[in-house]
Amino acid sequence: MQGPNPLSDEQLAANFADIAPPLTSDAALLEANKCLFCYDAPCTIACPTHIDVPAFIKKIATGNLRGSARVILDANPFGHSCARACPVEVLCEGACVLNDRDEQPIKIALLQRHATDYVLEHKVTLFAPGAQTGKRVAIVGAGPAGLACARDLRRRGHAVTVFEAQSQPGGLNTYGIAEYKLKSNVAIAEVQDILDLGVELKLGVTVSSIDDLLARYE
Ligand code: SF4
């Protein structure tokens, strides 16, 4: 019996290519300048992390990609992966006022990707750890929730150790999203930004006793 034909490298690359390719610089500038920069913007209200969408789009429109990424990542440490994987049609883009004028909504996700890709590709450091408080915090699980918590605690100056049973950090972003939406190397690079704040990560460790953690951490 003949087995299934394996796909060639070219076919695999085509099948898993970006489903939403990035904007060029000119396209991003054009798109950003279509935004109405609404007061009480419904796109921001619809975003689960309440990113100030008109503020980050305005910064793209003025060529300030670093500032734009700072607005995004300050509100949401996973702004890179959310730009690729969020169901924006029922969130920010679904709430864009342009829908009510029978126009296409602003391409918020692609603009967010444009700004966050810039800081990832240029290795721009946006945040720094806060002054040391002397407090030690343990976090179980290096998925998006645990790492977002770790980042905010480091920005407030606490020492943070994250325990993860898997061999790679990132949780759902690294292991559970289709490659044509989010490549695992992007998910890992995003995690590295958080680790660079001085977060200690212990991989391949299953926490079996909360008492042990309570004895060593706050
Ligand atoms: S609702 Fe649409 S037009 Fe208004 S600020 Fe948000 S993206 Fe811009």
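The values are calculated or read from the model by the stated rules, or taken from the named source; none is laboratory data. Just so it is clear, the structure is predicted and the values come from calculations on it, not from any experiment. Virtual Cβ from ideal backbone geometry, glycine too; neighbours counted across all protein chains shown. What goes into the accessible areas is simple: the full protein's heavy atoms, side chains included, and nothing from ligands, DNA or RNA. Shrake-Rupley method; radii C 1.70, N 1.55, O 1.52, S 1.80 Å.
Quick one: would you say Arg155 is touching a residue at least 24 places away in the same chain (Cβ under 8 Å) and not assigned by TED's automatic domain parsing to the domain that holds Ala27?
For Arg155, the condition - touching a residue at least 24 places away in the same chain (Cβ under 8 Å) and not assigned by TED's automatic domain parsing to the domain that holds Ala27 - is met.
Sort out which residues of region 114-128 are among the aliphatic types (A, V, I, L, M) and assigned to a helix (DSSP H, G or I), and write them in order of number.
Selection gives Ala115, Val119, Leu120.
Results for (1) under 29 Å from Ser68 (Cβ atoms); (2) open to solvent by 30 Å² or more (accessible area, probe 1.4 Å), shown as yes or no for each residue.
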| position | (1), (2) |
| --- | --- |
| Asp117 | yes, no |
| Lys135 | no, yes |
| Arg154 | yes, yes |
| Thr174 | yes, no |
| Leu182 | yes, no |
| Ala189 | yes, yes |
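With within 21 Å of Cys86 (Cα to Cα) and in a loop (DSSP other than H, G, I, E, B) as the only criterion, which of Ile177, Ile188, Ile194 stands out?
Going through Ile177, Ile188, Ile194 in turn, just one is within 21 Å of Cys86 (Cα to Cα) and in a loop (DSSP other than H, G, I, E, B): Ile177.
Is it the case that region 13-28 has a residue that's buried (at least 20 other Cβ atoms within 10 Å of the Cβ) and not in a loop (DSSP other than H, G, I, E, B)?
Checked region 13-28: at least one residue is buried (at least 20 other Cβ atoms within 10 Å of the Cβ) and not in a loop (DSSP other than H, G, I, E, B).
Search region 60-72 for residues that are basic (Lys, Arg) and pair each with any residue that is in a helix (DSSP H, G or I) and open to solvent by 30 Å² or more (accessible area, probe 1.4 Å) when their beta-carbon atoms are under 9 Å apart and the residues are at least 6 apart or on different chains.
Arg66/Lys59; Arg66/Tyr118; Arg70/Lys59
If the requirement is being within 26 Å of Tyr217 (Cβ to Cβ) and either among the basic types (Lys, Arg) or at pLDDT below 95 (or both), which of these qualifies: Arg155, Arg84?
Going through Arg155, Arg84 in turn, just one is within 26 Å of Tyr217 (Cβ to Cβ) and either among the basic types (Lys, Arg) or at pLDDT below 95 (or both): Arg155.
Consider Lys34 carefully, then state whether it is open to solvent by 40 Å² or more (accessible area, probe 1.4 Å), in contact with a Gly (Cβ under 6 Å, 6 or more places away or on another chain), within 14 Å of the ligand (Cβ to nearest atom) and not hydrophobic (A, V, I, L, M, F, W, C).
no
Yes/no per residue for (1) more than 21 Å from Cys47 (Cα to Cα); (2) β-branched (Val, Ile, Thr); (3) within 16 Å of the ligand (Cβ to nearest atom):
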{"residue": "Val97", "(1), (2), (3)": "no, yes, yes"}
{"residue": "Ile108", "(1), (2), (3)": "no, yes, yes"}
{"residue": "Asp117", "(1), (2), (3)": "no, no, no"}
{"residue": "Gly143", "(1), (2), (3)": "no, no, no"}
{"residue": "Glu164", "(1), (2), (3)": "yes, no, no"}
{"residue": "Leu172", "(1), (2), (3)": "no, no, no"}
{"residue": "Glu179", "(1), (2), (3)": "yes, no, no"}
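Per-residue answers, yes or no, for (1) within 16 Å of the ligand (Cβ to nearest atom); (2) more than 30 Å from Lys202 (Cα to Cα); (3) part of a helix (DSSP H, G or I); (4) in the same structural domain as Gly198 (by TED's automatic domain parsing):
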site: Ile45; (1), (2), (3), (4): yes, yes, yes, no
site: Pro48; (1), (2), (3), (4): yes, no, no, no
site: Ala55; (1), (2), (3), (4): yes, yes, yes, no
site: Arg70; (1), (2), (3), (4): no, no, yes, no
site: Pro77; (1), (2), (3), (4): no, no, no, no
site: Asp100; (1), (2), (3), (4): yes, yes, yes, no
site: Pro105; (1), (2), (3), (4): yes, yes, no, no
site: Gln112; (1), (2), (3), (4): yes, yes, yes, no
site: Gly130; (1), (2), (3), (4): no, no, no, no
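Looking at region 156-172, which of the residues that are touching a Pro at 6+ places or on another chain (Cβ under 9 Å) and not in a loop (DSSP other than H, G, I, E, B) is least open to solvent (accessible area, probe 1.4 Å)?
Ranking the qualifying residues of region 156-172, first place goes to Val162.
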